[in-house]
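The values are calculated or read from the model by the stated rules, or taken from the named source; none is laboratory data. Since we're looking at a predicted model, the values are computed, not measured. Positions of Cβ are backbone-derived with ideal geometry, glycine not excepted, and every protein chain shown enters the neighbour counts.
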């Protein structure tokens, strides 16, 4: 822990590079990077703390990336609060906050796309076409700007972690991806910047997500020969007890490959993911649980 | 020029990275990179010499990348001569030659693709679908392995240079792209590893490529208000004087944007490219000339 800290805010790529280069010249310690879309909550803070523990320099980026939002999604109304973000970032131990504007990130029409097939097609990839191309492309850009040794991603977006890990492996990015556990409210709701959209009633009913995943966990523990469809059914049945819930998907996949889970593979397999996306009004929430299974 | 030099050959990514890191720790000088598919000729040597002049460490890669060959193209029969390549590389001043095998570059099925639209669709992009995706993807991989400050590409593949420059700009690779002029035989034939495929008669007739581009240059100089179709026609008319020549394309485009050239834009424009691809038997040759025009 640092006793005194002054967080540094940079807005341009060249200032960011100069700052990271200066650190590289003065230290052999690793550079850690936490890419975010801002409106930071305790989940982001936990990523920053993890980076702080492992790295000599911690760079946080805050950029709401238009490329990963569909035409009818919430890019415009995505919540923003730069001042509070800086307080959270500083308290958690970030050294540098990179806050570029859209013109800095996309000075002209971008013609290059990084696409990851396989892991990106199911789940949110099916519901949000182009979303993971947008994620992979902006993360490539950010990795080239920051040139970190380690990058920290929350498992709340487990599919995003899988897509980024696949991209890093395939393209030989010199970056270690560090997946970090989901943080939850005391009552189980997974932390998300989008939770602020929820009305009181929606917030209450949204508990069915974490509850249904807990039920899935219990079911797997007591039924080692479970079938995927039983698990899906169990989760769906619980979610629909919330009258405001509109299910986008409930899926049981192998993890981290994100291919459909077949119980016949059980002997080779070590983890599955139960992943859900549910809309409450206009707010789309996701949650998941990764369960060790097999042998 | 170094008086004594021992070129170092590495086959694995980890050896390559260790070697480049050791240099970085010992020197502030830039790292230069020359990616090739081997069967080196004087054109490659000129890239290496250019890198030698500007950089403290010169890395050459030799890898015939299956990803950028179509199913009916010459991947299998692409000429290879590792021993001679090392002599050429050493004589020209390379420090490290990276020669990975296919399993080192693609240890498992690759699921990530880097695509560049716009500059990659015409010319060879139209004749060789998927080719530039393969180029952009392997160059991304190589850039992440070598992490060079400067990378040297020959303008013989002018479209490749344009695609890589676009990718570097769009994805913020921390690499300067250095385009280098085409080298030619005394009689004008552009140097190419594929020239060895040509029979004596094909070799003789292949001179129509460089001759037709010379004619285009003269025409532009003496007809400042030329139209694109006049130039195309002139080049085609000369190429077809070679009975063995089968034209793949003759195009006049703006450079480096590679959009169709319209003479009405002349006032804004500073360069055009006249680019040709012609088959002689099974051998496909390309050539081009970049002409400053306008004001």
Exercise. What do you reckon, is residue B:178 more than 12 Å from the chain's Cα centre (by Cα), in contact (Cβ under 8 Å) with a residue 40 or more places away in the chain and within 23 Å of residue B:52 (Cα to Cα)?
Worked result: no
Seminar exercise, completed: Out of (1) out of contact with any helix residue (DSSP H, G or I) (no Cβ under 9 Å at 6 or more places or on another chain); (2) in the same structural domain as residue B:47 (by TED's automatic domain parsing); (3) closer than 25 Å to residue B:41 by Cα, the one residue B:169 does not meet is (3)
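Against the condition touching a residue at least 12 places away in the same chain (Cβ under 8 Å) and buried (at least 19 other Cβ atoms within 10 Å of the Cβ), how does residue B:100 come out, does it pass? If you could, list the steps in order and put the result at the bottom.
Values: touching a residue at least 12 places away in the same chain (Cβ under 8 Å): yes; buried (at least 19 other Cβ atoms within 10 Å of the Cβ): yes.
Yes: the conditions hold for residue B:100.
From the set of residues in region A:127-154 that are farther than 22 Å from residue A:97 by Cα and in contact with a strand residue (DSSP E or B) (Cβ under 8 Å, 6 or more places away or on another chain), which is modelled with the lowest pLDDT?
Step one: of region A:127-154, the residues farther than 22 Å from residue A:97 by Cα are A:127-133.
If we keep only those that are in contact with a strand residue (DSSP E or B) (Cβ under 8 Å, 6 or more places away or on another chain) too, we end up with A:127, A:132-133.
Working: A:127: 88, A:132: 95, A:133: 96.
Across region A:127-154, the extreme among qualifying residues is A:127.
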For this session: Report whether or not residue A:56 is on the phi > 0 side of the Ramachandran plot, in contact with a strand residue (DSSP E or B) (Cβ under 8 Å, 6 or more places away or on another chain) and either modelled with pLDDT of 95 or more or not assigned by TED's automatic domain parsing to the domain that holds residue A:197 (or both).
Result: no
Exercise. So which residues in region B:69-120 are on the phi > 0 side of the Ramachandran plot and modelled with pLDDT under 95?
Worked result: B:118
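Residues are listed down the side, and each one gets a yes or a no for (1) without any contact (Cβ under 8 Å) to a residue 40 or more places away in the chain; (2) within 13 Å of residue A:272 (Cβ to Cβ):
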{"residue": "A:195", "(1), (2)": "no, no"}
{"residue": "A:204", "(1), (2)": "yes, no"}
{"residue": "A:207", "(1), (2)": "yes, no"}
{"residue": "A:217", "(1), (2)": "no, yes"}
{"residue": "A:227", "(1), (2)": "yes, yes"}
{"residue": "A:239", "(1), (2)": "yes, no"}
For this session: Quick one: which strands (runs of 3 or more DSSP E) lie wholly within region A:1-91 and hold at least 1 residues that are within 14 Å of chain B (Cβ to nearest Cβ), closer than 22 Å to residue A:110 by Cβ and touching a residue at least 60 places away in the same chain (Cβ under 8 Å)?
Result: A:31-36, A:57-62
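Does region A:103-118 include one or more residues that are touching a residue at least 60 places away in the same chain (Cβ under 8 Å), closer than 28 Å to residue A:49 by Cβ and crowded, with 23+ Cβ neighbours inside 10 Å? Lay out the reasoning, then the answer.
First pass over region A:103-118, keeping only residues touching a residue at least 60 places away in the same chain (Cβ under 8 Å): A:104, A:118.
Next, from what is left, pick out any that are closer than 28 Å to residue A:49 by Cβ: A:104.
Checking which are crowded, with 23+ Cβ neighbours inside 10 Å leaves us with none.
No, the conditions are met nowhere in region A:103-118.
Can you tell me how many residues in region A:226-280 are in a loop (DSSP other than H, G, I, E, B) and at pLDDT 95 or above? Before the answer, list the steps.
First, the residues of region A:226-280 that are in a loop (DSSP other than H, G, I, E, B): A:226-227, A:240-244, A:255-259, A:261-262, A:266-270.
Keeping just the survivors that are at pLDDT 95 or above gives A:240-244.
Matching residues across region A:226-280 total 5.
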For this session: Would you mind stating whether residue A:177 is under 22 Å from residue A:31 (Cβ atoms) and surrounded by fewer than 19 Cβ atoms within 10 Å (Cβ to Cβ)?
Result: yes
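Would you check which residues across region A:108-138 are in a helix (DSSP H, G or I) and facing chain B (nearest Cβ under 10 Å) and list them?
Let us first name the residues in region A:108-138 that are in a helix (DSSP H, G or I), namely A:124-127, A:131-138.
Residues satisfying the conditions are A:133, A:136, A:137, A:138.
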Problem set entry | Tally of residues being assigned to a helix (DSSP H, G or I) and within 13 Å of chain A (Cβ to nearest Cβ) across region B:92-107 | 2
For this session: Working only within region B:147-177, note down all residues that are facing another protein chain (nearest Cβ under 10 Å) and under 18 Å from residue B:16 (Cα atoms).
Result: B:147, B:175
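Out of all the residues in region A:2-9, is one or more under 27 Å from residue A:196 (Cβ atoms) and either surrounded by 15 or more Cβ atoms within 10 Å (Cβ to Cβ) or modelled with pLDDT of 95 or more (or both)?
We begin by selecting, within region A:2-9, every residue under 27 Å from residue A:196 (Cβ atoms); these are A:7, A:9.
Subsequent filtering for residues that are either surrounded by 15 or more Cβ atoms within 10 Å (Cβ to Cβ) or modelled with pLDDT of 95 or more (or both) retains A:7, A:9.
Looking for residues that are under 27 Å from residue A:196 (Cβ atoms) and either surrounded by 15 or more Cβ atoms within 10 Å (Cβ to Cβ) or modelled with pLDDT of 95 or more (or both), one finds at least one in region A:2-9, hence yes.
For residue B:123, indicate whether it is in contact with a helix residue (DSSP H, G or I) (Cβ under 7 Å, 6 or more places away or on another chain), on the phi > 0 side of the Ramachandran plot and assigned by TED's automatic domain parsing to the domain that holds residue B:29. Walk me through it before giving the result.
Values: in contact with a helix residue (DSSP H, G or I) (Cβ under 7 Å, 6 or more places away or on another chain): yes; on the phi > 0 side of the Ramachandran plot: yes; assigned by TED's automatic domain parsing to the domain that holds residue B:29: yes.
Yes, satisfied.
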